[in-house]
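Below is one structure, written out as structure tokens; comments come after it.
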Amino acid sequence: MPLAICATPIGNLDDVTLRVLHELEQADLVLCEDTRRTRTLLERHGIKARTLSYHEHNEAARVAELLPRLQDGERVALVSDAGMPAINDPGARIIRAALDAGVPVTVLPGPSAVETALVASGLTGERYQFLGYLPRSEKAKEALWRELAQWPYPAVAFESPKRLLATLASLARFDSERELAVCRELSKHFEEVVRGRAAELAETFEQEPKGEITLVIGPASRKSGETEEIAAAAVAELIEAGLPRRHAVELVAKLAGVARNRLYGRSL
């Protein structure tokens, strides 16, 4: 039997698919990030199943324990607390181990906070970038903003409500015109989507919000593109004045908040 990777609701328990319910009901064993959270889902839909914890702290041991059972044909389903396992949740290790051992893996799709937030934001485009959880330090955030200044499509990230205010303020300092959507408690009773520009949202959220946050960052604003053009021109002038190219690029990149490697490439 294949290892079944089952997407579970990101909030509303009725969002689970019929295929996932059937698989959970038929499984010999259901691997759960938190057995208590999964038990709530199972009980909501009248499913009795044998569950076993599978999370970041016991993942390696569980893989060693479960791989022989998968090879023997035991029917195992894997779920996380919400959404798709292995996407910023445990699961990648056992999926890879199963595939390497010749055990088939089947994925049962379902709710996604990333795609739900992206559509709700109104910032959809031809493509998007998923950032996972945003970095914590201000320096790492600034590096990310510089990288995204060259990305002409939306990006989606998870953020802790405890760090949201600092993140909004950081992005507002770098690019006040960047379009954003703060998506809170998606699919739940208190779902909220707040849209606006970085500077506006930095002022809108005066207190730490509650619940799970998905942040959609819109395409780079015109200001970012204009900044890069001005920075490239400044580098050219400094080089013409006799400053070594590397020093000119480092100086201007730091002052303008433009990616150094990209600026160096433009100067060649």
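Applying the criterion of at least 3 residues that are touching a residue at least 60 places away in the same chain (Cβ under 8 Å) to the strands (runs of 3 or more DSSP E) found wholly in region 73-165 leaves 76-79, 105-108, 155-159. Against the conditions (1) in contact with a Ser or Thr (Cβ under 7 Å, 6 or more places away or on another chain); (2) under 30 Å from TYR264 (Cα atoms); (3) among the basic types (Lys, Arg), ARG195 satisfies every one except (2).
With respect to the stated conditions, LYS210 is under 19 Å from TYR133 (Cβ atoms), outside the structural domain of THR8 (by TED's automatic domain parsing) and modelled with pLDDT under 95.
Looking at this structure, is ARG69 touching a helix residue (DSSP H, G or I) at 6+ places or on another chain (Cβ under 9 Å) and outside any loop (DSSP other than H, G, I, E, B)? First the steps, then the outcome.
Working: touching a helix residue (DSSP H, G or I) at 6+ places or on another chain (Cβ under 9 Å): no; outside any loop (DSSP other than H, G, I, E, B): yes.
Here the answer is no, as ARG69 does not meet what is asked.
Can you pull out every residue in region 1-54 that is of a type outside the set (D, E, K, R), part of a helix (DSSP H, G or I), crowded, with 17+ Cβ neighbours inside 10 Å and in contact (Cβ under 8 Å) with a residue 24 or more places away in the chain? VAL20, LEU21, LEU24, THR38, LEU41, listed by residue number.
Within region 97-106, is even one residue at pLDDT 95 or above, surrounded by fewer than 18 Cβ atoms within 10 Å (Cβ to Cβ), of a type in the set (Val, Ile, Thr) and over 15 Å from the mean Cα position of the chain (by Cα)? Yes; the residues of region 97-106 include at least one that is at pLDDT 95 or above, surrounded by fewer than 18 Cβ atoms within 10 Å (Cβ to Cβ), of a type in the set (Val, Ile, Thr) and over 15 Å from the mean Cα position of the chain (by Cα).
Residues are listed down the side, and each one gets a yes or a no for (1) touching a His at 6+ places or on another chain (Cβ under 7 Å); (2) crowded, with 17+ Cβ neighbours inside 10 Å; (3) of a type in the set (Phe, Trp, Tyr):
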| position | (1), (2), (3) |
| --- | --- |
| GLN129 | no, no, no |
| TRP151 | no, no, yes |
| LEU171 | no, yes, no |
| PHE174 | no, yes, yes |
| HIS189 | no, no, no |
| ILE217 | no, yes, no |
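Within region 174-209, the set of residues being in contact with a helix residue (DSSP H, G or I) (Cβ under 6 Å, 6 or more places away or on another chain) and among the aromatic types (Phe, Trp, Tyr) comprises PHE174, PHE205.
Which is among the polar types (S, T, N, Q) and in a strand (DSSP E or B), of THR214, THR227? I'd like the intermediate steps shown before the answer.
Numbers: THR227 fails: in a strand (DSSP E or B).
When all the criteria are applied, what remains is THR214.
Taking the listed residues TYR153, TYR128, the one that is touching a Gly at 6+ places or on another chain (Cβ under 6 Å) and under 30 Å from GLU229 (Cα atoms) is TYR153, with no other qualifying. Does region 73-90 contain at least one residue that is farther than 21 Å from LEU18 by Cα and either β-branched (Val, Ile, Thr) or loosely packed, with under 13 Cβ neighbours inside 10 Å (or both)? Scanning region 73-90 turns up at least one residue that is farther than 21 Å from LEU18 by Cα and either β-branched (Val, Ile, Thr) or loosely packed, with under 13 Cβ neighbours inside 10 Å (or both).
The values are calculated or read from the model by the stated rules, or taken from the named source; none is laboratory data. It should be emphasised that the depicted structure is a prediction, and the values quoted were computed from it without experimental measurement. In this analysis, Cβ positions are derived from the backbone assuming ideal geometry, glycine residues included, and neighbour counts consider all displayed protein chains.
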